[in-house]
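The values are calculated or read from the model by the stated rules, or taken from the named source; none is laboratory data. Computed from a predicted model, the values in this text were never measured in an experiment. Note that we place each Cβ from the backbone using ideal geometry, even for glycine, and neighbour counts take in every protein chain shown. Only protein heavy atoms, including side chains, enter the accessible area calculation; ligands, DNA and RNA are left aside. Shrake-Rupley method; radii C 1.70, N 1.55, O 1.52, S 1.80 Å.
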Amino acid sequence: MAATSVLIVGMICYAVLARYIFSSDFYGSEELIQMLAFWLYFMGAAQGSREKSQISADILTCYIKNETWRRLTVLTKDFLTAAICLLVTGWAIKFVIWGFVMKPQSPVFKLPMLIPHFAVALGFVLMSLYHVTYFVQGLMQLRNATGSSELVTARGEI
């Protein structure tokens with residue numbers, strides 16, 4: 001992510017300098033920047049999934065006082081997130097397969113469009129991997145918490 005960020009900023013600065021200082025043009029810069037941006041965005045999304053730092057609307061868990069119900073709510077959220085990620089991952093993989101068959105190219109430099117397509121697929125594969133892992137971990141935590149009668153009685157939930 002750091003490398004693509006630096007490259008994108010460098011290319012934009014070079015394009016601005018070329019256009020407004022040297023009265024030249026960095027023809028096709030948008031094409032290269034777009035490809036790098038795909039890698040930056042989707043690897044950033046995977047990193048956000050890994051760190052659990054993506055934006056979420058989990059205000060419901062703030063109002064649920066019962067720990068078991070709170071865990072069930074989080075588990076439901078994790079299940080839905082993993083399921084949607086897996087669905088979109090399937091589509092992204094089909095998108096890459098389509099790219100292998102059709103061999104689309106960028107308009108200026110004739111670069112294979114598999115470069116940004118692969119970023120999308122890899123990003124979703126990583127996000128799915130993380131979210132399925134979080135769902136399984138939540139399932140195990142819920143099983144361990146509900147299976148332990150000592151934990152339940154200590155909290156006064158019986």
(request) Send over a whole-number figure in Å² for the accessible area per residue of segment 20-158, probe 1.4 Å. (result) 67
(message) Within segment 67-88, name every residue whose backbone N is under 16 Å away from a label modeled 7 Å from Cα of Gln141 along the Cβ vector.
(response) 67-82
(message) What are the extents of the Cα atoms of segment 60-104 along their three principal axes, in Å, largest first?
(response) 54, 13, 7
(request) State the percentage of accessible surface on the chain attributable to carbon and sulfur atoms; use a 1.4 Å probe and exclude ligands, DNA and RNA. (result) 70
(request) For the chain, give the magnitude of the charge dipole about the Cα centre (Cβ charges: +1 Lys/Arg, -1 Asp/Glu; no others), in debye to the nearest 20. (result) 220
(request) Work out how much length Arg19 to Gln34 would gain on full extension: take 0.36 nm times their residue separation and subtract the Cα-Cα distance, in nm to one decimal. (result) 3.5 nm
(message) Quick check: the angle from helix 67-102's long axis to the longest principal axis of the chain, C-alpha only, nearest 10 degrees?
(response) 30
(request) Sort the chain into rounded, prolate or oblate with this rule: let a ≥ b ≥ c be the square roots of the eigenvalues of the Cα gyration tensor; rounded if a/c is under 1.5, and if a/c is not under 1.5, prolate when a/b is larger than b/c, oblate otherwise. (result) prolate
(request) Work out how much length Ala83 to Met43 would gain on full extension: take 0.36 nm times their residue separation and subtract the Cα-Cα distance, in nm to one decimal. (result) 12.4 nm
(request) Give me the distance in nm between label points sitting 7 Å out from Cα along the Cα-to-Cβ direction at Thr76 and Ile64, one decimal. (result) 0.6
(request) Work out the charge dipole of the chain with +1 on the Cβ of Lys and Arg and -1 on the Cβ of Asp and Glu about the Cα centre, then indicate which of Trp91, Ile12, Ala2 is farthest towards its positive end. (result) Trp91
(message) For segment 28-158, what is the number of Lys pairs with C-alpha distance below 30 angstrom, counting only pairs 8 or more positions apart or on separate chains?
(response) 7
